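**Student:** For reference, the structure I am asking about is given below.
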């Protein structure tokens, strides 16, 4: 174990997993225990072009982590990637036009809460952008 930077205790024997964790702790190694608390997490990940979402139950239920990943994977469609790109552009425009960080944040949130912008993201992204810019840079 001395050569390892990270240790994963993932046997089907809880006693063995504890021994692995104890030894890793003695050596000052980070350790993930599949059946218990860990010093680092291995999450289930939903990955898109412009963002990632990680889910972890901290070892309490790997099945639930996987289930939640599948639910999120089905729900987070292409519009979310489009919104990340739009928010990135809006954020830069807001930095130039709105001096207050609090006000910029509020205006960007208004766009996130706007159903019309969301519905236009795929069908008419130019119109979605114009509406959003009007909300942020007034």
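**Student:** Please find, within the stretch 88-102, the residue that is surrounded by the most Cβ atoms within 10 Å (Cβ to Cβ) out of those that are over 21 Å from the mean Cα position of the chain (by Cα) and within 15 Å of residue 134 (Cβ to Cβ).
**Tutor:** Out of the qualifying residues, it is 94.
**Student:** May I pose another question? Kindly indicate whether any position in the stretch 55-69 is under 24 Å from residue 122 (Cβ atoms) and under 20 Å from the mean Cα position of the chain (by Cα).
**Tutor:** Within the stretch 55-69 (the criterion being under 24 Å from residue 122 (Cβ atoms) and under 20 Å from the mean Cα position of the chain (by Cα)), the answer is yes, since at least one residue qualifies.
**Student:** Among the residues of the stretch 12-30, count how many are surrounded by 14 or more Cβ atoms within 10 Å (Cβ to Cβ) and within 31 Å of the chain's Cα centre (by Cα).
**Tutor:** 7
**Student:** Which number in (1) surrounded by 14 or more Cβ atoms within 10 Å (Cβ to Cβ); (2) closer than 23 Å to residue 135 by Cβ; (3) in contact with a helix residue (DSSP H, G or I) (Cβ under 6 Å, 6 or more places away or on another chain) marks the one condition that residue 85 misses?
**Tutor:** Unmet for residue 85, out of (1) surrounded by 14 or more Cβ atoms within 10 Å (Cβ to Cβ); (2) closer than 23 Å to residue 135 by Cβ; (3) in contact with a helix residue (DSSP H, G or I) (Cβ under 6 Å, 6 or more places away or on another chain): (3).
**Student:** Right, something else. Out of the residues in the stretch 31-51 that are surrounded by fewer than 17 Cβ atoms within 10 Å (Cβ to Cβ), in contact with a strand residue (DSSP E or B) (Cβ under 6 Å, 6 or more places away or on another chain) and within 30 Å of residue 79 (Cα to Cα), state the one that is modelled with the lowest pLDDT.
**Tutor:** 42
The values are calculated or read from the model by the stated rules, or taken from the named source; none is laboratory data. Values in this document were obtained by computation on a predicted structure and should not be read as measured data. Neighbour counts are summed over all protein chains in view; Cβ atoms, including those assigned to glycine, are modelled from backbone coordinates with ideal geometry.
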